[in-house]
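Visitor: Mind looking over this structure? Questions follow.
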Amino acid sequence: MHTSAKLPLAARTDGLVGSVIDSSTSLLHKQTHDIVRFAMGSPAPEAIPTGVLSEIGSVALGPDAPDAFDYGATEGDPPLRAALLNALTGTSDETTADRLVITAGGMQGLDLVCKLFVDPGDLVVVESPTYTNGSATALSYGAELLEVPVDQDGMVVEQLAELVEQSGRIPKAIYTIPTFQNPSGATLSITRRHELLRLIRQWGSVLIDDDPYGMLRFEGAELPTLRELGGGDPLVFSVRTFSKILAPGLRVGWVDAAPELHQLLINAKQAMDTCTNLPGQRLVTGFLEGGHLAKHLATQREEYRRRKIAMQKSLTEHLGDIATWTDPEGGFFLWVTLHNGVSTQELFDVALAEGVAFIPGPAFSPAGHFHDALRLCFASTAPERTEEGIARLRRAIDRLSMRSADSSE
Ligand SMILES: Cc1ncc(COP(=O)(O)O)c(C=O)c1O
């Protein structure tokens, strides 16, 4: 007979809240019917340069390179570090070797910065809505979160000081996704970027600058990154990844942080995963050394612009009378707000049965706001499929509205 003993779990497990976004991957894998997938923030499958990567792999991971499957240097494989520093030269993310640590994607960058700076009970500011996994990482270190609204110009920095004052505490860290924010698509204006930097300096707070989509601008004028505007300020901790610009399955990213943190980051990473997977790093190295990144990004930007416009057109056609949505100048996401009282949380199952997947708004707010909103990824789906998916979404909304009307009669 099975007897269940109470396990002596650590108190921090209370903060392990999981990710609705990541869980949607497993959920969708289990479905056997046709589903248009707007849920995950992945590049289009056809946008992954599999041909080039396999060619690179046939040499870099081939029989003449057995060390590709060995342990690697914790701070990153030297050829990747060199190729990345070179690729970033002249960009707003240009950096130096003493600031760079290669990570297992952006997620590990977020984990590292929280591990270094967040103690249980610390106040961490997050955008509202924000990227679920980012807020979940802060929670996993015991943070108490303060949500600050986002509008079309990103975090409403004008309200930040006020909300912080009301809380009666100084934030230990402020987490922002400044460019083509996940999930809203909003970009933090230049004025707000400067003001944010002023505030973190006034408070001595760490600014977590998580900018995975910045290189995917397809409209509008470039803005300097917080990393560049920060001018090497040790309070600015920048998290970057190859997941959106190349392939998420590689699990390769980097952090750009003050040199005085370098050894601590290495120590923290050694207690986590020793090194970032070397085969993935070697593939990225080959991609950068082969000079493929610029052309790849140019193609992707154009395609994602086309896909955004196609999704907006389908939304106008099918949801124009009941919803509004954002108009991002890059990145992957549209943030849709329904104005007919439908709960997007309840809509999820109905939509899944109808054959379309999205992420409900409350997943992007630790306090569970945004019941009327949902996130759609336009990047991973071709326009014809998008049209079908949005038509299905409308059918699901109508079915749910009818059901609610019936039950209230
Ligand atoms: C804002 C943001 N930060 C970090 C990540 C995580 O990136 P990675 O998949 O490289 O861990 C994502 C991925 O969706 C993201 O949207």
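Visitor: Residues of region 230-248 being within 14 Å of the ligand (Cβ to nearest atom) and under 20 Å from Lys269 (Cβ atoms), which ones?
Guide: Correct list: Phe237, Ser238, Val239, Arg240, Thr241, Phe242, Ser243, Pro248.
Visitor: Follow-up question, since we're still on this one. Search region 28-45 for residues being part of a helix (DSSP H, G or I) and either within 15 Å of the ligand (Cβ to nearest atom) or touching a residue at least 24 places away in the same chain (Cβ under 8 Å) (or both), and hand back the single one that is surrounded by the fewest Cβ atoms within 10 Å (Cβ to Cβ).
Guide: The residue in question is Pro45.
Visitor: So Ser404 fits all but one of (1) part of a loop (DSSP other than H, G, I, E, B); (2) at pLDDT below 95; (3) open to solvent by less than 60 Å² (accessible area, probe 1.4 Å); what number is the exception?
Guide: The one condition Ser404 does not meet is (1).
Visitor: Please specify each residue of region 275-327 satisfying the condition of being over 24 Å from Ala186 (Cα atoms) and among the hydroxyl-bearing types (Ser, Thr, Tyr).
Guide: Hits for region 275-327 are Thr276, Thr285.
Visitor: For region 84-93, state whether one or more residues are surrounded by 18 or more Cβ atoms within 10 Å (Cβ to Cβ), out of contact with any strand residue (DSSP E or B) (no Cβ under 6 Å at 6 or more places or on another chain) and among the acidic types (Asp, Glu).
Guide: As a first pass, look at region 84-93 and keep what is surrounded by 18 or more Cβ atoms within 10 Å (Cβ to Cβ): 84, 87-88, 93.
Among the residues that remain, those that are also out of contact with any strand residue (DSSP E or B) (no Cβ under 6 Å at 6 or more places or on another chain) are: 84, 87-88, 93.
With the extra rule that they be among the acidic types (Asp, Glu), the set shrinks to 93.
Yes, the conditions are met somewhere in region 84-93.
Visitor: I need the full set of residues from region 109-124 which are open to solvent by 20 Å² or more (accessible area, probe 1.4 Å) and under 17 Å from the mean Cα position of the chain (by Cα), in order please.
Guide: Once the filter is applied, which keeps residues that are open to solvent by 20 Å² or more (accessible area, probe 1.4 Å) and under 17 Å from the mean Cα position of the chain (by Cα), region 109-124 yields only Asp111.
Visitor: Also, quick follow-up: Given the conditions (1) within 23 Å of Gly18 (Cα to Cα); (2) touching a residue at least 60 places away in the same chain (Cβ under 8 Å); (3) not acidic (Asp, Glu), which single one is not true for Ala138?
Guide: (2)
Visitor: To continue, here is another question. Given (1) in contact (Cβ under 8 Å) with a residue 60 or more places away in the chain; (2) buried (at least 17 other Cβ atoms within 10 Å of the Cβ); (3) more than 16 Å from the ligand (Cβ to nearest atom), identify the lone condition not met by Thr344.
Guide: Among (1) in contact (Cβ under 8 Å) with a residue 60 or more places away in the chain; (2) buried (at least 17 other Cβ atoms within 10 Å of the Cβ); (3) more than 16 Å from the ligand (Cβ to nearest atom), Thr344 violates only (1).
Visitor: Related question: Out of curiosity, is Gly253 open to solvent by less than 10 Å² (accessible area, probe 1.4 Å), within 14 Å of the ligand (Cβ to nearest atom) and not hydrophobic (A, V, I, L, M, F, W, C)?
Guide: yes
Visitor: While we're on this one: Pairs, please: C-beta under 7 Å, at least 6 apart or cross-chain, first residue under 14 Å from Thr326 (Cβ atoms) and in region 296-312, second at pLDDT 95 or above and open to solvent by 10 Å² or more (accessible area, probe 1.4 Å)?
Guide: Gln312/Trp325
The values are calculated or read from the model by the stated rules, or taken from the named source; none is laboratory data. Small disclaimer: the values here were computed from a predicted structure and weren't measured. Positions of Cβ are backbone-derived with ideal geometry, glycine not excepted, and every protein chain shown enters the neighbour counts. Quick note on the areas: whole protein, heavy atoms, side chains included, nothing else; ligands and nucleic acids left out. Shrake-Rupley method; radii C 1.70, N 1.55, O 1.52, S 1.80 Å.
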